[in-house]
Number of protein chains: 2
Amino acid sequence: MARTSGSHSEITGPRLREAAQRLFARHGYAAVTMRQIAAEVGVQAGALYNYIPDKQGLLADLMRAHLEDLLAAWADEPRGEGPLGALEAFTRFHIRFHLERPDAVFIAYMELRNLAPENFAGIEALRKRYETELEDILRAGQAAGVFDLPDTKLATLAVIAMLTGVTTWYRDAGRLSRERVAGLYWDMVRKAVGA
Amino acid sequence: MARTSGSHSEITGPRLREAAQRLFARHGYAAVTMRQIAAEVGVQAGALYNYIPDKQGLLADLMRAHLEDLLAAWADEPRGEGPLGALEAFTRFHIRFHLERPDAVFIAYMELRNLAPENFAGIEALRKRYETELEDILRAGQAAGVFDLPDTKLATLAVIAMLTGVTTWYRDAGRLSRERVAGLYWDMVRKAVGA
């Protein structure tokens, strides 16, 4: 019985998180009830809190997991040579990672205003850590004379906004493959940083 | 009495729209009730429909008004010379217009999923009209050999995403003036299009 219950919570927790992510992305955090999340997975509403925190904790967990995955995946990503190679790797990685996770990305951007202040600070710190990864590349390129940027902090935010924008319009059935889109963005990013 | 009632609806309608815009931006469309909107302006909930449509119609009205203002303001904006002058004018205009209307911009991007299909089509058409304004500039520059862009449609979306991103981080009390920020973005846009 301990085993059954163990397997249950191992499977049920992640399934509830997935259901919450799907529902938050489709209808918005404010419009979704814990009862709907439970119904998606076939769990009694009263048993929900055995598997997951309350709705606010769930939102914070989803955003934190998304940003921790992002940081871990980027840490594992092979870089090309020098600042230019690193910037190309970052550009292609960012586009690929974000296109693969439309629901998580949508929530990460759209639901920031619904985070309680104590959760917002932690999420914001993770987001800044990711931005710093790009800023370090831009600073290194600037110092090496490879890039020509009047403001590396602003350039960091500009490049990330440009790349993330791909998630709002890209469709797999469209005229361009993901690989081709990444190549076209890389062409623009490279030029934008003056390389 | 006719006169009083006339002035009332002239003042009350816009005040209700303003209140709705503020509340939608702060709490999200899904979380705001018509009763809250009425209370903000001191109108009886039952009298609300004398002044404004239902919540869905109100959301569509706010987004439509924002995009129509955007198109009208851009039509009135002085352009510099040639495609490069037009692109600089567009860059500076886009940043200025969006920084001046944080609530309207926030709603225009965040609440698209809450538009009913019959409203979405009209809003989408207005958004595309604005994108086409930039795409026409990029095509003209490409044809004139002033820009070097492998894909003008993708470049249009990339530039708009990059510029609009400024609304997520810019604060008037920060280290950079609006004018300086616009200048720094223009430097990156100019380079990104190969000019």
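The values are calculated or read from the model by the stated rules, or taken from the named source; none is laboratory data. On a predicted model such as this, the values are computed, not experimentally measured, just so you know. Methodologically, a virtual Cβ is constructed for each residue, glycine included, from the backbone with ideal geometry; neighbour enumeration extends over all protein chains shown.
The rows are residues; the columns are (1) of a type in the set (A, V, I, L, M, F, W, C); (2) touching a Gly at 6+ places or on another chain (Cβ under 9 Å); (3) modelled with pLDDT of 85 or more.
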| position | (1), (2), (3) |
| --- | --- |
| A:Thr4 | no, no, no |
| A:Glu10 | no, no, no |
| A:Leu16 | yes, no, yes |
| A:Tyr29 | no, yes, yes |
| A:Val32 | yes, no, yes |
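Which of the residues that make up segment B:124-156 are within 25 Å of B:Leu59 (Cα to Cα) and surrounded by 20 or more Cβ atoms within 10 Å (Cβ to Cβ)?
If the condition is that a residue be within 25 Å of B:Leu59 (Cα to Cα) and surrounded by 20 or more Cβ atoms within 10 Å (Cβ to Cβ), then no residue fits.
Tell me the residue from A:Ala89, A:Ala60, A:Ala75 that is in contact with a helix residue (DSSP H, G or I) (Cβ under 8 Å, 6 or more places away or on another chain) and small (Gly, Ala, Ser), please. Full working, then the answer.
Numbers: A:Ala89 fails: in contact with a helix residue (DSSP H, G or I) (Cβ under 8 Å, 6 or more places away or on another chain); A:Ala75 fails: in contact with a helix residue (DSSP H, G or I) (Cβ under 8 Å, 6 or more places away or on another chain).
Sole residue among the options that is in contact with a helix residue (DSSP H, G or I) (Cβ under 8 Å, 6 or more places away or on another chain) and small (Gly, Ala, Ser): A:Ala60.
Select from segment A:141-195 the residues that are part of a loop (DSSP other than H, G, I, E, B), among the aliphatic types (A, V, I, L, M) and in contact (Cβ under 8 Å) with a residue 24 or more places away in the chain and list them in ascending order.
Here is the first cut: in segment A:141-195, the ones part of a loop (DSSP other than H, G, I, E, B) are A:144-151, A:165, A:170-177, A:193-195.
Next, only the ones that are among the aliphatic types (A, V, I, L, M) stay: A:144, A:146, A:149, A:173, A:176, A:193, A:195.
Selection gives A:Ala144, A:Val146, A:Leu149, A:Val193, A:Ala195.
Residues B:Ile52, B:Ile37: which one is farther than 24 Å from B:Arg180 by Cα, of a type in the set (Val, Ile, Thr) and outside any helix (DSSP H, G or I)?
Numbers: B:Ile37 fails: outside any helix (DSSP H, G or I).
Answer to the selection: B:Ile52.
Answer yes or no: is there a residue in segment B:119-136 that is more than 10 Å from every other protein chain (Cβ to nearest Cβ), touching a residue at least 12 places away in the same chain (Cβ under 8 Å) and within 21 Å of A:Gly183 (Cβ to Cβ).
Within segment B:119-136 (the criterion being more than 10 Å from every other protein chain (Cβ to nearest Cβ), touching a residue at least 12 places away in the same chain (Cβ under 8 Å) and within 21 Å of A:Gly183 (Cβ to Cβ)), the answer is yes, since at least one residue qualifies.
A:Phe90 versus (1) within 12 Å of chain B (Cβ to nearest Cβ); (2) at pLDDT 95 or above; (3) under 21 Å from B:Val193 (Cα atoms): which is the lone unmet condition?
Just one mismatch for A:Phe90, condition (1).
From A:Glu135, A:Glu81, A:Glu111, which residue is of a type in the set (Asp, Glu) and within 17 Å of A:Arg17 (Cα to Cα)? Don't jump to the end; show me each part of the working.
On the way: A:Glu135 fails: within 17 Å of A:Arg17 (Cα to Cα); A:Glu81 fails: within 17 Å of A:Arg17 (Cα to Cα).
Step by step, each of A:Glu135, A:Glu81, A:Glu111 is checked, and only A:Glu111 is of a type in the set (Asp, Glu) and within 17 Å of A:Arg17 (Cα to Cα).
Do we find that A:Glu118 is under 21 Å from B:Val166 (Cα atoms) and surrounded by fewer than 21 Cβ atoms within 10 Å (Cβ to Cβ) in this structure? Before the answer, list the steps.
On the way: under 21 Å from B:Val166 (Cα atoms): no; surrounded by fewer than 21 Cβ atoms within 10 Å (Cβ to Cβ): yes.
Spelling it out, it is not the case that A:Glu118 is under 21 Å from B:Val166 (Cα atoms) and surrounded by fewer than 21 Cβ atoms within 10 Å (Cβ to Cβ).
Quick one: which of B:Val193, B:Val159, B:Val105, B:Val146 is more than 11 Å from chain A (Cβ to nearest Cβ) and modelled with pLDDT of 95 or more?
On the way: B:Val193 fails: more than 11 Å from chain A (Cβ to nearest Cβ); B:Val159 fails: more than 11 Å from chain A (Cβ to nearest Cβ); B:Val105 fails: modelled with pLDDT of 95 or more.
None of the others qualify; the one that does is B:Val146.
Just to verify a result, which residue in segment A:11-26, among those that are within 14 Å of chain B (Cβ to nearest Cβ) and either in contact with a helix residue (DSSP H, G or I) (Cβ under 7 Å, 6 or more places away or on another chain) or part of a loop (DSSP other than H, G, I, E, B) (or both), is surrounded by the most Cβ atoms within 10 Å (Cβ to Cβ)?
Initially, segment A:11-26 is screened for residues within 14 Å of chain B (Cβ to nearest Cβ), giving A:22-26.
Still in the running and either in contact with a helix residue (DSSP H, G or I) (Cβ under 7 Å, 6 or more places away or on another chain) or part of a loop (DSSP other than H, G, I, E, B) (or both): A:22-25.
On the way: A:Arg22: 15, A:Leu23: 19, A:Phe24: 25, A:Ala25: 20.
Out of the qualifying residues, it is A:Phe24.
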